[in-house]
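The block underneath contains the structure these notes are about, expressed in structure tokens.
The numbers here are math on the coordinates, done by the rules we state, and not lab data. These numbers were taken from a predicted model, which means no experiment stands behind them. As a convention, Cβ positions derive from the backbone with ideal geometry for all residues, glycine included, and neighbour counts pool all protein chains shown.
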Amino acid sequence: LPIDLSIKQDGTADTAAFAKDVLEGLSRTNKKLSSRYFYDKEGSRLFQKIMHLSEYYPTRCEHEVLTGNKQDIISKFAGDSFFHLIDLGAGDALKTKILLRELDKQKKQFDYVPVDISGDAMHQLNENLQQELPNIEVQAVVGEYFKALEWLHENKAERKVVLFLGSNIGNFEDDESIDFLKKIRSYLNTGDKLFMGVDLRKSPDVILPAYNDASGVTAAFNLNLLQRINQELGANFDLTAFQHSPIYHPQKGVMKSYLVSTKAQEVHIKALNKTFSFDAWEAIHTENSHKYSLKQVEELGLTCGFTVEAVFQDEASQFADVLFTV
Ligand code: AVJ
């Protein structure tokens, strides 16, 4: 069964922390909400839908990278010694399973430690793997990434390969991604590895539609953040009076998503006992999705104590999975 390291043992998110972050973010001159709160039950469902959209290329590209290079990747993960394969933000592990099947086939000595904030997802994955890959030893962890890494740190001597797929690193601010990778590094020993997915720089004509799909799934995904505040913090956001508005900044290589208030309005949040005013066309920043050059990724790694061992890309060089070593 999954180990539950989440703050609350009942699988629900920590409402107090959410309330505090919402208060802080909406009190700013330039209002913001953190993309980490997208993933409630409905948000996770919508993200699954996004991953199947024709416009959303990253999932398809990373799938291609992993499928086309699985033997090479696996051979670089481990020699013959036992290792922990730690999957940060595993979700349904659809992409990781490409590697798991290959590890299983080659009878590698490892255990699989998927980590996710969603208890539902980890229970489902546990069952799914028991059915599909019964030979693999699985220890699912429900909780924040660092809680899981702390827990693993107790088995310090054992070899570790950390997976951070899907370009989730792109959601962080620059200083946050450095802190994050340095912290991961602090839990690893010489010879341990980090295998990280990054979305590469490309034409804005490709990037923009991926975050503004024609069927409006991404808009619903973004707006669901307001719905979550309504539900969990007793707010009265009118979802029809905000619009999803994404822009791509080609110099910084960052996709930025906003929710723009289409009129002057006030929103009351009961849990905060506070009313927030929105001017007409005032925006809430909700997400950054960074796109990288390979040079940037290498430098980011070096800054944090990792060297590049190998880079795997799709045919069109849209996405890369980079193997770092400590
Ligand atoms: C899960 C962070 C990789 O930034 O591309 C998809 C989330 N947001 N569409 C991304 C997302 C809007 C996604 N990541």
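Could you state the angle between the C-alpha long axis of helix 294-303 and the longest principal axis of the C-alpha atoms of the chain, as a value from 0 to 90 degrees rounded to the nearest 10?
80
To the nearest 10 degrees, how steeply does helix 41-50 sit against the main Cα axis of the chain, on a 0 to 90 scale?
Compared with the principal axis, the helix lies near 70 degrees.
Hey, if you put +1 on the Cβ of every Lys and Arg and -1 on every Asp and Glu Cβ in the chain, which of T262, Y37, Q131 ends up farthest toward the positive end of that dipole?
My answer, from the dipole projection, is T262.
Between the range 221-256 and the range 283-313, how many Å separate their Cα centres?
Cα centroid to Cα centroid, the span is 25 Å.
Just grab the label-to-label distance for V206 and A280, each label 7 Å out from Cα along the Cβ direction, in nm (one decimal).
Using points 7 Å along Cα→Cβ, the separation is 4.0 nm.
Could you work out the helix-only [θ] at 222 nm for the chain, with each DSSP H run of four or more residues adding -39,500 (n - 2.57) and the total divided by the number of residues, to the nearest 500 deg cm²/dmol?
After summing the helix terms and dividing by the residues of the chain, the value is -12000 deg cm²/dmol.
So how much slack lies between T303 and L239, counting 0.36 nm per residue of separation and subtracting their Cα-Cα distance, in nm? Before the final figure, lay out each step's value.
On the way: separation 64, 0.36 × 64 = 23.04 nm, distance 4.16 nm.
18.9 nm is the gain from fully extending T303 to L239.
Length gain on complete extension for the stretch E158 to Q130, per 0.36 nm per residue less the alpha carbon to alpha carbon distance? The partial results should precede the final answer.
Working: separation 28, 0.36 × 28 = 10.08 nm, distance 2.40 nm.
Contour length minus the Cα-Cα distance gives 7.7 nm.
Pairing the Cα long axis of helix 119-132 with the longest principal axis of the chain, what angle in degrees results, from 0 to 90 and rounded to the nearest 10?
30
About the Cα centre of the range 6-128, what is the dipole size in debye to 20, counting +1 per Lys and Arg Cβ and -1 per Asp and Glu Cβ, all else neutral?
Dipole of the range 6-128, to the nearest 20 debye: 280 debye.
Could you state the per residue volume, in Å³, of the convex hull enclosing the Cα atoms of the range 211-323?
Cα-based convex hull of the range 211-323, divided per residue, equals 161 Å³.
Between the range 14-82 and the range 167-218, what's the alpha-carbon centroid distance in Å?
Going from one Cα centre to the other spans 8 Å.
With both bridge residues required to lie in the chain, what share of the DSSP beta bridges run antiparallel, to the nearest 5%?
60
Mind running the shape call on the range 105-165? Use the C-alpha gyration tensor, a ≥ b ≥ c as the square roots of the eigenvalues: rounded below 1.5 for a/c, prolate if a/b tops b/c, oblate otherwise.
Numbers: a/c = 2.18, a/b = 1.11, b/c = 1.97.
Oblate.
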